[in-house]
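Asker: Would you mind keeping the following structure in view while I ask a few things?
The values are calculated or read from the model by the stated rules, or taken from the named source; none is laboratory data. What you see is a predicted model; the values in this text were computed from it and never measured. As a convention, Cβ positions derive from the backbone with ideal geometry for all residues, glycine included, and neighbour counts pool all protein chains shown. Calculation scope for accessible area: heavy atoms of the full protein, side chains included, ligands and nucleic acids excluded. Shrake-Rupley method; radii C 1.70, N 1.55, O 1.52, S 1.80 Å.
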Amino acid sequence: MTMTRDEEARAILAQNDRGGYTVPTDGLYPYQWNWDSVFAALGFAEHDMNRAWTEIETLFSGQWPNGMVPHILFHKVDPGYFPNPDIWGGTGPIQSSGISQPPIAATFIRWLLDHDPTQEARARALFEPLKNWHRWFMTWRCEGGAIVVTHPWETGRDNCPDWDGALAAFEPTGIAAYKRRDTSEVEAAERPNQWEYDRYLYLVKLGAECGWDEAWLRDNTPFRVADPTMTFTLLRSTRDLLAMAERWGEDTSEIRNWIAAMEAGSERLWNPDIEAYDCYDERAGTHTGVISNASFLTWYAGVGGDRMLTHLDRIAGLTRYQVPSTDPAHPKYEPKRYWRGPVWAMLNMLIATGLGEAGHAAHAQALTEKTRDMIGTNGFAEYFDPRDGAPAGGRNFTWTAAVWLAWASPETGRTAWAA
Ligand code: DGY
């Protein structure tokens, strides 16, 4: 008997569950990744609320004393992955990477709480850790109100063309010989290329050598790029943090200041030449000129009005499935290569959520239905070719299964916005 897509999605979550945390997919990513886990929690929430909370609590058990919540927690070392904790030299309570990832947790902790208020104590216990994480961003990663990253992996959009200029500005000298593992799991044509990979490792080496000293990195790293993924997710999450602070009568002044800073600072990501939000390379002092799927998180962040609507409609006419990770009109668009073109279902959920909340119900609904069709037809791939929905990257992917259950499934999905 064949399984329904809902049953398959639940089976994927169960298969990728390592007990208290979920791996993004078996083999390619054998650890706990930060934002992958938050999406996993949404998937679990559909049928096991207790397990949903545990996922996020496990993530926060790896929080560093300085507030940073790492992008990877290496709970149990797997020699099949590279780079492993010895290369990262993380300094937290659990072996980890030394960078963070898009801070969507506050938003979805609030979402879990709204769906199940009986777990209020668990949400409340996460309030201070969340605030400390947000403070880490605002202390170390805020340039004029826009949020910068010190590694492309931090944004999750590893090989987006946004990084090409900043990566070309330095030579990856002194990295030890290494063997990639990702290309034994997935077609090399669907992964970052070697030129990029050498530079990713150089930036890891730089961070590890200074002991992930954020003050040193701020002054010395060649890679410091303000990014819409981080700025828009942090701004959105900080609004949700504010709502929780108000609910529990916590002090709100610091949180309000952060929101005001990012509302103003997000303007630094507006590139008048292409009339779109893109990245801003702090070292070069230039915009990167790439319209990505992260550019469309503007509604989710609650800034910019409808400035991106024309681009959204234009791009919808270029490919069968939306939203491609790089604008198909950009010369560096590659529809099968990771973040240089493919569609990512979990980003679609965030974009649709923002559109729905901003009153663009038809756009939100269209994106929901496209994503439903894309996953329903092609299964739970890591990402999809925008031209025909062909599955790409890893398979049996946690976050694709999770956003199916939480949002895109016609049976279990709920609109993530108030209708
Ligand atoms: C990888 O290993 O390729 C990941 O994207 C790093 O987060």
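Asker: Before we move on, is Tyr338 within 20 Å of Ser266 (Cα to Cα), open to solvent by less than 50 Å² (accessible area, probe 1.4 Å) and within 15 Å of the chain's Cα centre (by Cα)?
Answerer: no
Asker: Given (1) more than 30 Å from Gly341 (Cβ to Cβ); (2) at pLDDT 95 or above, identify the lone condition not met by Asp158.
Answerer: (1)
Asker: Could you tell me which residue of region 210-250 is farthest from the ligand (Cβ to nearest atom), considering only residues that are farther than 15 Å from Ala106 by Cβ and free of Cβ contacts under 8 Å to residues at least 24 places away in the same chain?
Answerer: Gly249
Asker: If we keep just the residues of region 1-20 that are over 14 Å from Glu55 (Cβ atoms) and in a loop (DSSP other than H, G, I, E, B), which is least open to solvent (accessible area, probe 1.4 Å)?
Answerer: Checked region 1-20; the qualifying residue least open to solvent (accessible area, probe 1.4 Å) is Thr4.
Asker: In addition: Can you find, within region 1-38, the residue that is nearest to the ligand (Cβ to nearest atom) among those that are within 17 Å of Phe380 (Cβ to Cβ) and charged (D, E, K, R)?
Answerer: Asp36
Asker: Filter region 79-128 down to residues that are surrounded by 15 or more Cβ atoms within 10 Å (Cβ to Cβ) and over 23 Å from the mean Cα position of the chain (by Cα) and give me whichever is nearest to the ligand (Cβ to nearest atom).
Answerer: Among residues in region 79-128 that are surrounded by 15 or more Cβ atoms within 10 Å (Cβ to Cβ) and over 23 Å from the mean Cα position of the chain (by Cα), the one nearest to the ligand (Cβ to nearest atom) is Arg122.
Asker: If you go through region 41-52 one residue at a time, do you hit one that is basic (Lys, Arg), crowded, with 18+ Cβ neighbours inside 10 Å and at negative phi?
Answerer: yes
Asker: Can you name every residue in region 289-334 that is among the β-branched types (Val, Ile, Thr), in a loop (DSSP other than H, G, I, E, B) and within 19 Å of the chain's Cα centre (by Cα)?
Answerer: Answer for region 289-334, where residues must be among the β-branched types (Val, Ile, Thr), in a loop (DSSP other than H, G, I, E, B) and within 19 Å of the chain's Cα centre (by Cα): Val290, Ile291, Val303, Val323.
Asker: Quickly run through region 153-201 and pick out the residues that are open to solvent by 40 Å² or more (accessible area, probe 1.4 Å), under 21 Å from Met230 (Cβ atoms) and either within 14 Å of the ligand (Cβ to nearest atom) or out of contact with any Ser or Thr (no Cβ under 7 Å at 6 or more places or on another chain) (or both).
Answerer: Ala169
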